[in-house]
Amino acid sequence: MKILGVCGNTQRPSRTRALVEAVAASLAGRHGRETEIVDLVEVGQSLATASGSPAAGAVGRIVAAIEAADALIVGSPVYKGSYSGLFKHVFDLVPPHALAGRPVLITATGGGPRHCLVVEHQLRPLFGFFEASTAPTAVYASEADFTASVPTNPVLLDRIALAADQFARLIAPCARAA
């Protein structure tokens, strides 16, 4: 089973990457599932000129990896109440039915608690458009939840574990079918 983490971060180091890594580590530690993680910051400049289907080069490889994944852990930093432009543009290149029925665990990071609804009001509808099967619990983390770029807030860590457990239940039928 191929689980892909997609980080919509626009810089490094990235709390978004750290959050997706923490979710992937919880999934691995609790359920033995490994995740490959890609950063969209790696294709940022080439993404600006990417269009059409299929996309070419590094952007095309990321879009193909998204389409080929059995499940996704997605993460984006919050900018002005929504996900990053890099994140949006990559998913604009994914065909509308490519993720139908695909399990997706949603994460986001922001500067403070007032951005927490991005997971419900921006990201969940995006994956609803794709007809993906999103995990019931999404994970949002703010600056205060990190120490030295690592998620450390006990409440956040409990939420990560809950989301990983729910996601594992979503991907179990997919693993049996593969």
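Only the coordinates and a few stated rules stand behind these numbers; no lab work does. All of these numbers come straight from a predicted model, not from anything done at the bench. All Cβ positions, glycine included, derive from the backbone under ideal geometry; neighbour counts span all protein chains shown.
Before moving on, here are some points about what is shown:
- Here, the chain is characterised by an Rg to Rh ratio of 0.94, where Rg is the alpha-carbon radius of gyration and Rh the Kirkwood radius.
- Under 10 Å, Cβ to Cβ, from A132 - net charge with Lys/Arg +1 and Asp/Glu -1: +1
- Listed peptides 34-43, 3-12 appear in the order 3-12, 34-43 once ranked by packing, highest mean of other Cβ atoms within 10 Å at the front.
- Highest mean first, the peptides 86-92, 144-150 sorted by other C-beta atoms within 10 Å per residue fall in the order 86-92, 144-150.
- ³J(HN,Hα), Karplus 6.51/-1.76/1.60, whole Hz, each residue of the range 92-102, x for Gly, Pro: 5, 8, 7, x, x, 9, 5, 10, 4, x, 6
- Between N153 and any residue 5 or more places off or on another chain, the built amide H atoms are never under 5 Å apart.
- In the chain, helical runs assigned H by DSSP with n ≥ 4 each contribute -39500 (n - 2.57); averaged across all residues and rounded to the nearest 500, the mean residue ellipticity at 222 nm is -12500 deg cm²/dmol.
- R0 of 30 Å, Cβ-Cβ distance A25-E67: FRET efficiency to nearest 0.05: 0.75
- Other-chain or far-sequence residues with amide H under 5 Å of A69's (modelled H): none
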